[in-house]
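Chemist: Sharing a structure here in structure tokens format.
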Amino acid sequence: MGMKDQFKDKADQLKEQARQAAGKAKDEASERASQGRGRSEEDTRRAQQEAQDRRNQDYDA
């Protein structure tokens, strides 16, 4: 195996590692985003419930 082949193989190996790392980072970012969305929806629901409770208290008084 010549030096040219060795460099090509190493370049291909590094390219594949970079591709896998990018895919993993994308998956992790997607998971974090979906977790953030879940909390945001929960916070929104909680805020709406609190607003509804305050309105109900005002009408009860």
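The values are calculated or read from the model by the stated rules, or taken from the named source; none is laboratory data. Computed from a prediction, not measured in an experiment: that's the story for all the values here. Here the Cβ is made from the backbone with ideal geometry for all residues, glycine too, and neighbour counts use every protein chain on show. Quick note on the areas: whole protein, heavy atoms, side chains included, nothing else; ligands and nucleic acids left out. Shrake-Rupley method; radii C 1.70, N 1.55, O 1.52, S 1.80 Å.
Chemist: Straight-line reach from Lys24: which aspartates and glutamates fall under 18 Å, measuring Cα to Cα and dropping same-chain residues less than 8 apart?
Modeler: Glu16
Chemist: Based on a Kirkwood Rh over C-alpha pairs, give the Stokes-Einstein translational diffusion coefficient of the chain at 25 °C and viscosity 0.890 mPa s in µm²/s.
Modeler: So the translational diffusion coefficient is about 152 µm²/s.
Chemist: Still on this structure, I have one more. For the chain, what is the accessible area per residue in Å² when the probe is 1.4 Å?
Modeler: Here the per-residue accessible area is 94 Å².
Chemist: Quick check: pseudo-label points 7 Å beyond the Cα along Cα→Cβ at Arg45 and Lys10, how many nm apart are they?
Modeler: Label at Arg45, label at Lys10, 5.5 nm between them.
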